[in-house]
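Just so it is clear, none of the values below were taken in a lab; they were calculated from the coordinates. The structure displayed is predicted, hence computed values, not measured ones. Virtual Cβ from ideal backbone geometry, glycine too; neighbours counted across all protein chains shown.
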Number of protein chains: 4
Amino acid sequence: MARQSLQPSRDPQDYPFTHRLRTRFAETDAMGIIHHAAYLPYLEEARVEYLRAIGHPYDSVRAGDAETSGGREGGRDFAVLEVSVQYRRPLRFDDEVDVALVIGAVTGTTFQIAYLLSVGDEVYATAVTVHGCVDGRGRPARLPAWVGELGGP
Amino acid sequence: MARQSLQPSRDPQDYPFTHRLRTRFAETDAMGIIHHAAYLPYLEEARVEYLRAIGHPYDSVRAGDAETSGGREGGRDFAVLEVSVQYRRPLRFDDEVDVALVIGAVTGTTFQIAYLLSVGDEVYATAVTVHGCVDGRGRPARLPAWVGELGGP
Amino acid sequence: MARQSLQPSRDPQDYPFTHRLRTRFAETDAMGIIHHAAYLPYLEEARVEYLRAIGHPYDSVRAGDAETSGGREGGRDFAVLEVSVQYRRPLRFDDEVDVALVIGAVTGTTFQIAYLLSVGDEVYATAVTVHGCVDGRGRPARLPAWVGELGGP
Amino acid sequence: MARQSLQPSRDPQDYPFTHRLRTRFAETDAMGIIHHAAYLPYLEEARVEYLRAIGHPYDSVRAGDAETSGGREGGRDFAVLEVSVQYRRPLRFDDEVDVALVIGAVTGTTFQIAYLLSVGDEVYATAVTVHGCVDGRGRPARLPAWVGELGGP
């Protein structure tokens, strides 16, 4: 199984892409802060916007559109194999959060993403997700070639 | 389009089935109560347990197993066409909630369910969902015959 | 108890405010569409943006800031007393949804909001929420005066 | 900051407590499996049931009840400082999941929990959460003495 190897930097300069989102009231909990489970959809939303920004919208990756997914072999999903989050300060309702991300540790079938979540100049959380490429039936599949070009050294 | 016609009774005796669940901390919000959106999965969980209790587990309905779904024509989903909830008292973390339900207003392709949510003897909420039967591609389909037998007069 | 009386129009022209959001993959379900429970946070997000747009951010309403909430008496919450949603077409992953809203049926302690959810020119859902004003301890309280000015005839 | 040090065992015998839950349809996603973010509330639900089982219901911990929380100093929350999940097989709708857990790495203000998620005899996921004790205002606080007794030598 793939193993998290990325160490998320706390310097925004180390991240080539940032997506801004706003926390929802529905995501708060009785401690008055954003519930820790709500961060995972934040990471996912940032991933989706990143794929769109680089011309490979996740919708097309899933549908297997030849020109965007590089796939003549049909659709692909980037299944989450592993996730870790370090919560440093509590996010609150209505915070505007910058989710920065960078791809790394690309192999033939997996890749990793490191994340930095900040509000203004303050770091609120860091995270890493490990992804595996699967086909429409959930079976491991080779990554589209364009993914490899994102995370190279 | 189907239109909600059931009026949920506030008397538990009017409901043939009850499912007990416990609220989660993840479902609370910054008001210190269960967020109103969390009630919809409660209703769904009760529906699923009801279908299991009467010998038609939703899994089998979706898969189109002949003996349980009555379907030789393949799987069915009971899409939600309409939902309404009346919140009478706020549920809180760790409450044990009894979700009672009754089916009614069955037509050839739709049915309705009325719900009563209580904690102990107190009514906390009532709700109604309207469902439409769809096939595996989301197209309207006839209800399995056994549904009609549940909601009759 | 307050009772839903608004009938949501299907004409975007009847709504003074619109908020655009994008559906998340986390909000999809195994039917391949946006799960019906995910719509409630969409309505809430649109309410929050509306309050911000008219100069009464919900954060300030909750904190009881005199200048924005009209409250010398402390914070207010707009508790959800009732919600109903009519699902007309299924939203899908990555859809850009316009959530239009209008306030109406304002009383001394409650108000209602009607919603129209569309993608492009197509209506996907309509909804109504009924809200009651409560103080920091969840007790019914008078609405700030500015709410009344929003929903008047 | 606390750092995850536990390594979750894949042998159920290493876990003194197990909580069984059933996945919800609302927790599935368009890949037809349980969305990865839904696992965090599963871990939380198991923690809550564990605290109840050992006579320290989380409700009482939060309220600061002297006899259960060991707290004359008021309520405590066990904030999540860190979480990591390794997804090994995809959970599906209606699966009955056994969430086993064990506490370890207890310090004066933090502790960790390792988790094993299985369906029948198969391991589906492992996870670790790191928790910090905070008071009602979110400030770091000493752990109740009884937590130290749970986490072994």
So what is the relative contact order for the range C:12-150, in percent, with contacts set as C-alpha pairs under 8 Å and at least six apart?
26
For the range C:50-56, take each phi angle, set θ = phi - 60°, evaluate the Karplus expression 6.51 cos²θ - 1.76 cosθ + 1.60, and give the result in whole Hz per residue in order, putting x for glycine and proline.
5, 4, 4, 5, 9, x, 10
Rounded to whole Å, give me the distance from the Cα center of the range B:86-153 to that of the range D:126-143.
39
Long-range HN-HN contacts of C:THR28 with modeled amide H, under 5 Å:
C:HIS35, D:ALA30
Magnitude of the charge dipole, the range A:74-153, Cβ model with Lys/Arg +1 and Asp/Glu -1, debye to 20:
460
Under the helix-only model (-39500 (n - 2.57) for each DSSP H run of 4 or more, divided by the residues of chain B), the mean residue ellipticity at 222 nm, to 500 deg cm²/dmol, is -5500 deg cm²/dmol
Given charges at beta-carbon only (K, R positive; D, E negative), |dipole| of chain D in Debye:
420
From the phi of every residue in the range C:22-35, what ³J(HN,Hα) in whole Hz does the Karplus formula 6.51 cos²θ - 1.76 cosθ + 1.60 yield, where θ is phi - 60° and glycine or proline is x?
10, 5, 9, 4, 4, 8, 6, 9, 5, 7, x, 10, 6, 4
Under the 7 Å Cα-to-Cβ spin-label approximation, C:ARG10 and B:ARG137 lie apart by a distance in nanometres of 2.4
